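Comments concern the structure below.
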């Protein structure tokens, strides 16, 4: 079976949409941005993604319950969930880790390290 090449992302901030899209293209990946939990679950069910990126400050979904739901899914439990949040929201960061996020980064660290994160997940590092 070939390795997944699709990233699913729930991100409201246009800066991060552009950053993720550019980094994904450079890594040979595609990224679908979804605006609802239903759309994310539908796309993830149709094609298992390489990873799921969640903006913990997203207003289009409830990020913490979504992460818990993804991690409890038989189909998606092995998929990495990369979340990012404002550096001042330490409690939200901890809650996301408790919910099952694979990695939770401050927004600045996520932005700076995204190319390396993608390389690590594609096995090219």
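The values are calculated or read from the model by the stated rules, or taken from the named source; none is laboratory data. A quick note: this is a predicted structure, and the numbers were derived from the prediction, not measured. Cβ atoms come from the backbone with ideal geometry, glycine included; neighbour counts cover every protein chain shown.
Can you tell me which residues in segment 16-34 are in contact (Cβ under 8 Å) with a residue 40 or more places away in the chain and on the phi < 0 side of the Ramachandran plot? Explain how you work it out, then say what you get.
Within segment 16-34, the first condition is being in contact (Cβ under 8 Å) with a residue 40 or more places away in the chain, and the residues that meet it are 16, 19-20, 23-24, 26-29.
Correct list: 16, 19, 20, 23, 24, 26, 27, 29.
When you look at residue 64, is it in contact with a helix residue (DSSP H, G or I) (Cβ under 7 Å, 6 or more places away or on another chain) and at pLDDT 95 or above, yes or no?
Yes.
Across segment 80-93, the qualifying residues are those that are surrounded by 13 or more Cβ atoms within 10 Å (Cβ to Cβ) and in contact with a helix residue (DSSP H, G or I) (Cβ under 7 Å, 6 or more places away or on another chain), and the one among them that is modelled with the lowest pLDDT is 86. In segment 35-55 there is no residue matching the filter, namely being touching a residue at least 60 places away in the same chain (Cβ under 8 Å) and over 11 Å from the mean Cα position of the chain (by Cα).
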